[in-house]
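First up is the structure itself, then whatever we jot down about it.
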Amino acid sequence: MQLTTEQLKEKINEYKKKLDVTVVAHFYQRDEVFEVGDITGDSLELAQKTMADDSKFVVFCGVGFMGQSVKVLSPHKRVVMPKVACCAMATMIDGVQFDKSVKALNEAGITNENILPITYINSNAEVKAKVAEMGGMVCTSSNAKKIITTALKEGKKILFVPDRCLGQNIANQMGLKSSVLGDGTNPADADIICFNGFCSVHQLFTVDDIKFYRKKFPGILIAVHPECDPAICAASDFVGSTSQLIRYIKGLPEDQKVAVGTEFNLVNRLRPKNTYVLSSTKPECPTMNETTLQDVYDILKSIDEDEPLNEIQIDEHTQKWAKIALDRMLAL
Ligand code: 13P
Ligand code: SF4
């Protein structure tokens, strides 16, 4: 017999009391999954808060690279995922694609000594490890500008992976020249060379959506995530990471209308009134939405039965170097 949402929540809470577990949920999770999270936040907050938590098992409700970051920063913990869900952007680059990108820069006359790679946290542990081995580090959308400012002090070209938009948006904010690998321009002419990856959810927002809302509600503010195309960011009033968007929108006067360009589940629970989703197509992250309450219950049951499902495993070499890439960011 199928359990109802309330029955599932009750059973999940019973397991949480009985087992040495912490349930961790990203802001983009479905509401009912988000509600059973002991720790909630954006990807970096989840990794940091989980480091400070002492339970043996972490039940991670989010996407693979986030669960991996928790495991990398807290290798002694057992991290399991209710669904093995992957961020589409993170899957756009693996170690082979990374090596090919470095080779493309070499072919443009840029030697490895003159390349400093930076990877957005939305990448798998293998890519983070490769970045660290070349002296680079991780950034998030909250600290990308700071990390790039520090990196540029080394006087090298930045290879930014995998998100083209975040790399270009930061370059625009800092008055730097950017290019995209394979766009026909010479990488040697740019300060930041971006891999051509993207988030399909954040590509849904268009300049026409912004024009529509500005016409419908004069005075409305437009707030978007930097994974949106540079044209969208340029036409918006505020560009910020998940946590920055939350702070900005919660700080607005109650009667101030705002249209938000980021994931649906987050926008939907942000503010009771005067908050709109900046797209006629519902911007749900398909893989974030894969995790259901039933999955959370099933994984807790598997821990109780001593046969945990979907446990994250990372080989020793990748673990060591991916941690260096994350630690370099945290040190800043
Ligand atoms: P945060 O790092 O802000 O949690 O977001 C990651 C992400 O996937 C944004 O689309
Ligand atoms: Fe990845 Fe985009 Fe989903 Fe974020 S919203 S997890 S970048 S696919």
Study note, to complete from the structure: The rounded separation in angstrom of the Cα centers of segment 167-186 and segment 261-326 is 30 Å
Check your understanding: Given the rule -39500 (n - 2.57) for each run of at least 4 DSSP H residues, summed and divided by the residues of the chain, what is its mean residue ellipticity at 222 nm, to the nearest 500 deg cm²/dmol?
Key -> -12000 deg cm²/dmol
Study note, to complete from the structure: Within segment 194-332, the percent of DSSP beta bridges that are antiparallel, given to the nearest 5, stands at 0 percent
Point to revise | Distribution of pairwise C-alpha distances over segment 145-204, 10 Å bins, in % | key: 24, 56, 18, 1
Review point. To the nearest 0.05, what FRET efficiency results for residue 114 and residue 51 with a Förster distance of 25 Å applied to their C-beta separation?
Key: 0.15
Check your understanding: What percent does the relative contact order of the chain come to when contacts are Cα pairs within less than 8 Å and at least six residues apart?
Key -> 22 percent
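On a 26 Å Cα-Cα criterion, which of the cross-link pairs 16/77; 177/320; 77/282; 9/257; 56/282 come out too long?
177/320; 77/282; 9/257; 56/282
Where in the chain lies the longest segment free of GluC sites (Glu not before Pro) that are both loop residues by DSSP (not H, G, I, E, B) and have at most 13 other Cβ atoms within 10 Å?
Counting only loop sites that pass the neighbour cut-off, the longest clear stretch is 1-153.
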Point to revise | Net length gained if the chain between residue 185 and residue 107 were fully extended (0.36 nm per residue, minus Cα distance) | key: 26.8 nm
**Study point:** segment 263-332: trypsin sites (Lys or Arg not before Pro) in DSSP loop, at most 10 other beta carbons within 10 Å
**Key:** 273
Revision key, fill the gap. Among segment 55-96, those whose backbone N falls under 13 Å of a label point 7 Å along Cα→Cβ from residue 304 are none
Exercise for review: Please give the FRET efficiency for residue 313 paired with residue 254, using the beta carbon to beta carbon distance and R0 = 45 Å, rounded to the nearest 0.05.
Suggested key: 0.40
**Study point:** Fraction of beta bridges assigned by DSSP in the chain that are antiparallel (%, nearest 5)
**Key:** 5 percent
Check your understanding: Under a 1.4 Å probe, what is the accessible area of segment 223-289 per residue, stated in Å²?
Key -> 41 Å²
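The values are calculated or read from the model by the stated rules, or taken from the named source; none is laboratory data. Source: prediction; values computed, not measured. A quick note on method: Cβ atoms are made from the backbone with ideal geometry, for glycine too, and the neighbour counts reach across all protein chains shown. Surface areas here come from the heavy atoms of the whole protein model, side chains and all, with no ligands, DNA or RNA. Shrake-Rupley method; radii C 1.70, N 1.55, O 1.52, S 1.80 Å.
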